[in-house]
Amino acid sequence: MLYVYQLGRRIESVVLPLEMLQQLKPSDFPNQGEYEAWQRRNLKLLEAGLLLHPLLPLDKTDTAPQRLRQIIRGALEKPLETGKNNESMQALRSIVLSLACRTFDGSASETIHWADGFPLNLRIYQMLLEACFDVNDETSVIEEVDEVLELIKKTWVVLGMNQMLHNLCFLWILFNRYVATGEVEGDLLFAANNLLMEVEKDSKSMKDPNYSKILSSTLSAILGWAEKRLLAYHNYFHSDNTELLECVVSVGVLSAKIMVEDISHEYRKKRKEFDVAHERVDTYIRSSLRTAFFQIMEKVKSSKRSSNKNQQNQLPFLSILAQDVSTLAFSEKAIFSPILKRWHPLSAGVAVATLHSCYGNELKQFVSSIGELTPDILQVLRAAEKLEKDLVQIAVENSVDSEDGGKSIIREMPPYEAESVVSNLVKSWIKTRLDRLKEWVDRNLQQEVWDPRANKERFAPSSVEVLRIVDEALEAFFLLPISIHAALLPDLTNGIDRCLQHYISKAKSGCGTRSTFVPSMPALTRCSSRSKVSGVFKKKEKFQKEQSRKSQVATTNGNGSFGIPQLYCRINTLQHIRTELDVLAKRTIVHLRSSESHNNNIANGTGKAFELSAAACLEGIQQLCEATAYKVIFQDLSHVLWDGLYVGEVSSSRIEPFLQELEHYLEVLSLTVHDRVRTRVITEVMKASFDGFLLVLLAGGPARAFSLQDYETIAEDFKFLTDLFWSNGDGLPADLIQKFSITVKAILPLFHTETDSLIEQFKYMTAESYGSSAKSKLPLPPTSGQWSPTEPNTLLRVLCYRSDETAAKFLKKTYNLPKKL
């Protein structure tokens, strides 16, 4: 260039290689070989500028290009004579100038075009720009860079360059130098990024197709390099080089935006420009987080294999992975999201949504393979639940200022429903336990003989075993490492409740009820006189006694599980279960209060635990007490009550034998039955004995007849009966005895009421009950079983068993009752 100025000519009017060939001689070089190599380079430069990449397309009819090719080809084989007056040199000059001086419109121009064809001009210019770097330090720009650039810019007129092309070329030089020198000098990339911002402005106004072509190829290369790093930025960046990350993102985003603008005018809208940056960064975040996730997963797998060999770190794989993913998420939020937020406001949200999805896929496969609940499975699900809470928290915090409040991100994070999985697994676990409990209940009941001598508490061993299994199930439930004990406890307690109800139902089934043991009432008959009654029914009386004894023997021998001792054992067992249910309920509340799901309303919920079993126990105890009492009175003691009391002469068949045997039963009862239910059983026995006493008086059959004189004996016998239960104050409370003896005491006075008076009372009560229909003929009142001195059927029965002619005639005339069955 200096040489051109020495010639006194403008640079744009000179074909520099041609002038150099003509002015320099072989003697200017160290040897002939170097001179020839130099000559060939200049000829190649002419060929490139005038033939291969001319500014103006060559005219096919012009012979100059062909002649120049021949000269250059010949010179490559034999060095060209370059003397000023040399004929070959003159020919070369003539051809070169004819090609270099062409213009688009054919007019004369002072500017010669030999190096401004595309892309030669850019290549030459880039080589010139390389002069800005220190030859001794490839990463450093020389101190005189500004002066050198000013000098280089003087070539623009020759090379057809301008500021826009300069920016693009210098961008590439800076970027390429950064990459070629090992990416160690960040200032080069920062400088390239600044130039890229200028290129972005230039690209909006520059419409030259050649510019667009070189712009596209340059930015494609830069974008490819940037995206290789950004699509896995966790592999390239860390907390110490976040500035570099910001620069690389800027380079990548700007490159993408410019390329989009260059391809289609539709992307020129401001919103769309923003969308390009947003979408690119969104892609980078998702891609890099996925890559980081799978790298962590492989690392955990490898570590797990190693630890398994060494018997260390026995945490389940997905539990460790969840911890590491959580660490990665918080690291992302702290290090990278603040940088990426510049282009993507929800960068942290996108990051955690990606991690949520990646871990969710692994968790889904894990859950699909679960067969039963194990500690490892619960540990994994709890870890997943904690991870999800961490990820959602980050997403929510990141979305506070967003337009939709982060709904779009949260929609990307469908819940793991770890709690639901845990719930289903625990429900399955509960079902297994309950099925096992049901099997144990059935097996123990089959083996149970209800022997009160089986243990000192005198209850069934099967109940102890069943309650032990129940306690173990509750204990195991609260040992499960879950946070939803309170929610799932009703499933377990309700199931236990049903199993215990089943046991209670079996414990009382087959034991009978009041109606099982109370004998059916014989048909109504009438008496004429005592002398006649006793003779007529002696044979019948003997027959009834024999039948009763046979019945008693059959009962004693034929139902070993339902004898009186066995019934006592059943009562004790239900009382024991009832007591233990209270203990279990209280223990459950204590467990619940110490569990993770503790809340202030637990007592309210658990207070209802086992309530059906508790109610069934109460009902069962009541049924068994009643059945036991009526079995004692009407079956075991029927030979001295139903078959013996007041049969024949009242004075010779009084209550003493019945009381003696009943007293023995009460002694055994007191020693056998649990003290909490003893009074109830004795009370039921008392009620049954009172019922039996009344049944003998009012429905004892034709073997019995009572005169007015028998009243004193009967009343005295009933007092003996009540005294037995009072036992001089050691037995039942007097007010309780009084309460249940009211009916008997109300009816007994009828037995010393005159027959005529009884008949009148009966007629009056019947008329009261039946109204006008009773005026013509007294209807026969039905047996209600509710004995009362004002009830027609009760009065009728007293008349039926009244041993006098007046009563007999009335019954014969009114109802035509027979004297015998």
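Okay, here's what the table says:
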quantity: Ratio Rg/Rh, restricted to segment 336-488 and using Cα atoms, in which Rh is the Kirkwood radius; calculated: 1.27
quantity: C-alpha center-to-center spacing [segment 708-726, segment 148-189] in angstrom; calculated: 132
quantity: Exposure of residue 583 as accessible area (Å², to 10), given a probe of 1.4 Å and all protein chains; calculated: 60
quantity: Pairs beyond 22 Å (Cα-Cα), from 301/427; 389/431; 207/257; 25/78; calculated: 301/427; 389/431
quantity: Sorted peptide list for 315-328, 628-641, 291-304, criterion being average Cβ within 10 angstrom, highest first; calculated: 628-641, 315-328, 291-304
quantity: Eligible aspartates and glutamates near residue 44 by straight Cα distance, threshold 18 Å, same-chain separation 8 or greater; calculated: 19, 34, 36, 77, 81, 116
quantity: Simple Cβ-charge dipole of segment 11-115, Lys/Arg +1 and Asp/Glu -1, about Cα centre, in debye nearest 20; calculated: 280
quantity: ³J(HN,Hα), Karplus 6.51/-1.76/1.60, whole Hz, each residue of segment 353-370, x for Gly, Pro; calculated: 5, 5, 5, 4, 5, 4, 5, x, 4, 5, 5, 4, 4, 5, 5, 5, 9, 6
quantity: For segment 30-119, diffusion coefficient by Stokes-Einstein and Kirkwood Rh (Cα), 25 °C, 0.890 mPa s, µm²/s; calculated: 176
quantity: 3J(HN,Hα) from dihedral phi, segment 65-72, Karplus parametrisation 6.51/-1.76/1.60, rounded to Hz, x for glycine, proline; calculated: x, 5, 5, 5, 4, 5, 4, 5
quantity: 222 nm mean residue ellipticity, helices alone, for the chain (DSSP H n ≥ 4; -39,500 (n - 2.57); rounded to 500); calculated: -22000 deg cm²/dmol
quantity: Peptides 214-221, 689-696 ordered by average Cβ neighbours within 10 Å, highest first; calculated: 689-696, 214-221
quantity: Candidate values (i) 45.6; (ii) 40.0; (iii) 66.1, label of the one derived for mean projected area of the Cα convex hull in nm²; calculated: (iii)
quantity: Cα-Cα over 25 Å, subset of 631/719; 201/407; 739/819; 745/813; calculated: 201/407; 739/819; 745/813
quantity: Computed over the chain: relative contact order in percent, which uses C-alpha pairs under 8 Å that are six or more apart; calculated: 8
quantity: Inter-centroid distance (Cα atoms) of segment 373-430 relative to segment 653-696, Å; calculated: 66
quantity: Net charge dipole size for the chain [Lys, Arg +1 and Asp, Glu -1 on Cβ; Debye, nearest 20]; calculated: 4760
quantity: Charge-dipole axis of the chain as Lys and Arg at +1 and Asp and Glu at -1 on Cβ define it, positive-most pick from 381, 315, 115; calculated: 381
quantity: Contact order relative to length of segment 134-262, as percent, for alpha carbon pairs under 8 angstrom and 6 or more apart; calculated: 24
quantity: Qualifying aspartates and glutamates (Cα of each under 13 Å from Cα of residue 333; at least 8 residues distant if same chain); calculated: 390, 397
quantity: Column: log10 I(q)/I(0), Debye, Cα scatterers of segment 129-254, q = 0.11, 0.22 Å⁻¹; calculated: -0.41, -1.37
quantity: For residue 133, residues with placed amide H under 5 Å, excluding near neighbours; calculated: 142
quantity: Sequence-distant residues sharing a close amide H with residue 706 (under 5 Å, placed H); calculated: 802, 803
quantity: Spin-label model distance (nm) - residue 777 vs residue 90, 7 Å beyond Cα toward Cβ; calculated: 17.2
quantity: Relative contact order computed over segment 11-115 (Cα-Cα under 8 Å; 6+ residues apart), in percent; calculated: 38
quantity: Options 714, 63, 561, ranked by Cα towards positive dipole end of the chain, top entry (Cβ charges); calculated: 714
quantity: Residue-by-residue Karplus 3J(HN,Hα) for segment 331-348, coefficients 6.51, -1.76, 1.60, Hz, glycine and proline x; calculated: 5, 4, 4, 7, 9, 9, 4, x, 6, 6, 4, 4, 9, 9, x, 9, 4, 5
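The values are calculated or read from the model by the stated rules, or taken from the named source; none is laboratory data. Just so we're clear, the structure is a prediction, and the values are computed from it rather than from any experiment. No Cβ is skipped: glycine too gets one built from the backbone with ideal geometry, and neighbour counts run over all protein chains shown. Heads up: the accessible areas ignore ligands, DNA and RNA and are worked out on the full protein's heavy atoms, side chains in. Shrake-Rupley method; radii C 1.70, N 1.55, O 1.52, S 1.80 Å.
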